[in-house]
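Asks: Okay, here's the structure, questions in a sec.
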Amino acid sequence: MSNQTSVKAADQPTTVAIQRGLRAPFRVQTYKTILYLGLAFPLGLIYFVGLSVGVALGVALLVFWIGLPILHGTLLAATVASKGEARLARYLGGVNTSVPTVHPEFDMSDGLVLPGEGFLDAVNRLVTSRSSWRCLRFVLTKFGFGLLSLIALTVSFAVSGAFLTAPLIYDDPDVSIGVAGILIDGGYAVGPWTVDTFPEALLAAGIGIVFLSGALSLLHSLARFQAQYTTRLLYGDGDST
């Protein structure tokens, strides 16, 4: 009796995963997930370039005093970006999180403080704040997440598309397409498999549907992980929905 119970318990995660995969194309959250992952790379690149340029330029110009406003503005921009990321994690990533003020120790209503107007005090508050350095750490890691997201999206849709389009172009004499670097002139190849009959093309399309459903589930998990990482790193919260 105990063996049967353990077998049923082991089958439950598999059954849930299959059901989730089959429902994935029909859920609105799936397409929010794709948009969230699709934005990750361009945003990560913008953050990384902006942070690198801002820090390098600010440090280089410290001797001329203007470097301090540049560094201050760079740190402030990182906190603003983190607020935007919290919103993306909430509305696209499917994570419940509050969206706090831009910076708990800096009043944005006064604008960017310049030298002679309490600038050094503002810089000291911003530089010594733990939240500032959490924001900077997140900006640096966002680029890595974005690159991972780009690879995951590209592979998922390229492989799915290769299988799903088989019934449409498998017998086109002008086709020379392959996956995993295998090209077949005058035929349609999916990896080492050459599709040259209609039943094989239908089978390939079926495999594509299954692969796409699984890929969407994995993409959803990746997006949820990114969203949870974002909220926990920046604000110490974040519960998946």
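Asks: With a 10 Å Cβ neighbour count serving as the proxy for reagent exposure, in which order, fewest first, do Tyr91, Tyr36 appear?
Replies: Tyr91, Tyr36
Asks: In whole Hz and in residue order, list the ³J(HN,Hα) couplings for region 48-61 that follow from phi through the Karplus curve 6.51 cos²θ - 1.76 cosθ + 1.60, θ = phi - 60°; x for Gly and Pro.
Replies: These are the phi-based 3J(HN,Hα) values: 5, 5, x, 5, 4, 5, x, 5, 4, 5, x, 5, 5, 9 Hz.
Asks: Now for a separate question. What's the extension gain from Ile151 to Ala56 if we count 0.36 nm per residue and subtract their Cα-Cα distance?
Replies: Length difference between fully extended and current span is 31.3 nm.
Asks: Let me ask something else about it. Roughly what would the spin-label model give for Val63 and Val80, points 7 Å off Cα along C-beta, in nm?
Replies: Inter-label distance under the simple model: 3.0 nm.
Asks: How would you order 146-157, 54-65, 209-220 from highest to lowest mean count of nearby Cβ atoms within 10 Å?
Replies: Ranked by mean Cβ neighbours within 10 Å, highest first: 209-220, 146-157, 54-65.
None of the figures in this text is laboratory data; all of them are computed from the coordinates on show. None of the values given here were measured: they were computed from a predicted structure. Glycine also receives a Cβ, built like all others from the backbone with ideal geometry; neighbour counts cover every protein chain displayed.
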